[in-house]
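Just below is one structure, and these are the notes that go with it.
The values are calculated or read from the model by the stated rules, or taken from the named source; none is laboratory data. Since this is a predicted model, take the numbers as computed values, not measurements. So basically every Cβ, Gly included, is an ideal-geometry build from the backbone, and we count neighbours across all protein chains shown. Protein only, heavy atoms only, side chains kept; ligands, DNA and RNA dropped before computing areas. Shrake-Rupley method; radii C 1.70, N 1.55, O 1.52, S 1.80 Å.
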Amino acid sequence: MFTHVSRRARARWLALALLVAVAALVLSNSAVARPVRSATARLTLPLQASLSRLGNNLRTIFSTVDDLATLRQRNAELEALVASLTIENLRLSEVEAENERLRALLNFANTTPSNSYRGGQVVGRVVSREPGNLVEAVLIDLGERHGIRVGMPVVTERGLVGRVSEVYNTTSRVLLITDSDSMVNAMLQSSRMRGVLRGRANQPPVLDYLPPDQPVAVGDIVLTSGEAGNFPAGIPIGQVVSVEQNDVEMFQRAVVRTTVDFNSLENVLVVTNFVPIPDLPR
């Protein structure tokens with residue numbers, strides 16, 4: 001019995017719900033419902049606008065966050081690219097500078113075809129103190145294996161560097177003309193006046209033993225004279241920067257600024273076809 005009543009109640013409620021739904025559908029499409037919809041829209045419009053702005057703001061924020069992450073990544077990529085290009089530019093600049101130096105050495109070698117040269121690179125610098133003396137020398141990457149011998153002159157396109165003082169298997173020691181043990185027979189280009197260029201520790205070399213009765217002008221070019229057979233004649237050495245003379249000494253001497261910059265020496269040429277005369281002052 002109760003089951004039969006329950007079924008009848010459910011049927012009545014279902015019919016009522018269906019009737020309400022049909023009425024709502026009819027009213028929604030009728031003119032009677034329009035004021036209701038209009039009032040509802042007016043009430044909900046500000047909320048909808050606020051929700052729309054909130055949504056737009058959230059989309060903008062998320063888009064900005066994504067853009068910032070993309071920009072940071074792009075910035076990191078660009079910084080890495082700049083660093084790589086900077087390193088490559090420095091490498092190419094170094095290669096270009098080395099090519100310039102080698103071209104200058106080659107041009108110099110071509111201007112003096114009577115001499116045979118072997119190109120070498122400075123691989124070390126010898127600056128050590130011995131009793132009463134400061135040694136100024138460099139090591140080059142040429143040795144006995146390359147035909148290098150003691151006494152061979154060493155030059156650059158700018159002028160005289162020194163001479164080979166010791167030879168090993170693949171390297172050699174070059175005594176610079178600025179060393180206090182170095183002596184080079186030299187002359188002034190203009191007057192052909194002869195003297196001996198002596199190295200001095202921590203000071204420019206001097207052209208010594210110049211005759212006291214002949215003028216020596218500042219700016220005169222100093223060349224190797226070829227006397228004593230230790231260096232070929234005519235190799236540039238430097239330029240006179242001052243002249244020293246007093247009543248006590250029999251000779252005058254000139255302070256010489258070398259044409260070779262020994263602080264930036266990198267590439268050199270060894271004159272391999274010049275055999276120096278041994279046991280004579282250098």
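Just a few scattered comments:
- Taken along the Cα-to-beta-carbon direction at a fixed 7 Å, the label points for Gln214 and Met250 span 1.6 nm.
- Descending semi-axes in whole angstrom, ellipsoid equivalent of region 146-266, from the Cα gyration tensor: 27, 14, 13
- Surface exposure of region 130-208, expressed per residue as accessible area with a 1.4 Å probe, stands at 39 Å².
- Mean Cβ neighbour count within 10 Å, used as a protection proxy, ranking 228-237, 178-187, 206-215 highest first: 178-187, 228-237, 206-215
- Ordered from longest to shortest, the equivalent ellipsoid semi-axes for region 207-262 are 21, 15, 9 Å, each the square root of 5 times a Cα gyration tensor eigenvalue.
- In a fully extended conformation the segment linking Thr60 and Glu266 would gain 68.1 nm over its present Cα-Cα distance, using 0.36 nm per residue.
- For the peptides 216-222, 257-263, residues were scored by their other Cβ atoms within 10 Å and the scores averaged per peptide; the highest-first order is 216-222, 257-263.
- Rounded to the nearest Hz, the phi-derived 3J(HN,Hα) couplings of region 217-229 under the Karplus curve 6.51 cos²θ - 1.76 cosθ + 1.60 (θ = phi - 60°) are 9, 5, x, 4, 7, 9, 10, 5, 8, x, 5, 6, x, where x marks glycine and proline.
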